[in-house]
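Single-structure report; data block below.
The values are calculated or read from the model by the stated rules, or taken from the named source; none is laboratory data. On a predicted model such as this, the values are computed, not experimentally measured, just so you know. Cβ atoms come from the backbone with ideal geometry, glycine included; neighbour counts cover every protein chain shown.
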């Protein structure tokens, strides 16, 4: 099997279903580009992969948007894992501590050009409500992308019409789509059936501890 390029938008601090994927397919991956808008969190992500000695991982600090420049990112200090370019995306943002920070932005094309990525075989997106905005403008053929995992629930609430148009667009481009918890997995016909722990990770993070546990 040929080497593959992997991109994650909304990488957070690592240790997720994408880090599982990178571990499982380490010998197959040419480069894994992980994108996180908050520098503090991006540094945590860099440290996580450095400790695993994943030399084929690059972490870039920016948000992906429809233009190159800057944007205001809404977040709660001390809880930077939850952040969004959409101020009203989460009920958590009603917290009086909620504030914003200015972050750098790049378009998909500018981001990929920066790292000379002409092919992105596997794409993971978790951008808290902007996933489907990114995918709706994404050129699957240009980047030869055949496997996509994205968080759909916030995007559906943000723009229900865009959600169903995206599903139709993917199906028209010969993708099979399955829903796994809060994520969609789209696999193009004749693309390898990659394994992902996204469903298992979701259940692990949402199941309450056993009542007999001392935790």
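Values computed for the structure shown
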read-out: Odd one out for residue 149 among (1) in a strand (DSSP E or B); (2) closer than 15 Å to residue 89 by Cβ; value: (2)
read-out: Filter result (out of contact with any strand residue (DSSP E or B) (no Cβ under 8 Å at 6 or more places or on another chain) and part of a loop (DSSP other than H, G, I, E, B)) within region 119-137; value: 137
read-out: Within region 115-129, considering residues that are touching a helix residue (DSSP H, G or I) at 6+ places or on another chain (Cβ under 7 Å) and surrounded by 18 or more Cβ atoms within 10 Å (Cβ to Cβ), the one farthest from residue 196 (Cα to Cα); value: 129
read-out: Given (1) farther than 21 Å from residue 16 by Cα; (2) at pLDDT below 90, index of the condition residue 116 fails; value: (2)
read-out: Selection status of residue 187, more than 17 Å from residue 153 (Cα to Cα), modelled with pLDDT under 95 and within 17 Å of the chain's Cα centre (by Cα); value: no
read-out: Test: residue in region 133-152 that is in contact with a helix residue (DSSP H, G or I) (Cβ under 6 Å, 6 or more places away or on another chain), surrounded by fewer than 21 Cβ atoms within 10 Å (Cβ to Cβ), over 20 Å from residue 190 (Cα atoms) and at pLDDT 90 or above; value: yes
read-out: Members of region 153-189 found to be exposed (fewer than 14 other Cβ atoms within 10 Å of the Cβ) and in a helix (DSSP H, G or I), listed by number; value: 157, 160, 161, 164, 165, 168, 171, 172
read-out: Residue 22 being more than 25 Å from residue 155 (Cα to Cα) and touching a strand residue (DSSP E or B) at 6+ places or on another chain (Cβ under 6 Å); value: yes
read-out: Selection from region 72-89 of residues that are touching a helix residue (DSSP H, G or I) at 6+ places or on another chain (Cβ under 8 Å) and farther than 19 Å from residue 35 by Cα; value: 76, 87, 89
read-out: Matching residues in region 22-44 - criterion: being in contact with a helix residue (DSSP H, G or I) (Cβ under 9 Å, 6 or more places away or on another chain) and within 23 Å of residue 193 (Cα to Cα); value: 22, 29, 32, 33, 34
read-out: Residue selected from region 17-38 under the condition surrounded by fewer than 14 Cβ atoms within 10 Å (Cβ to Cβ) and not in a loop (DSSP other than H, G, I, E, B), by the criterion nearest to the chain's Cα centre (by Cα); value: 23
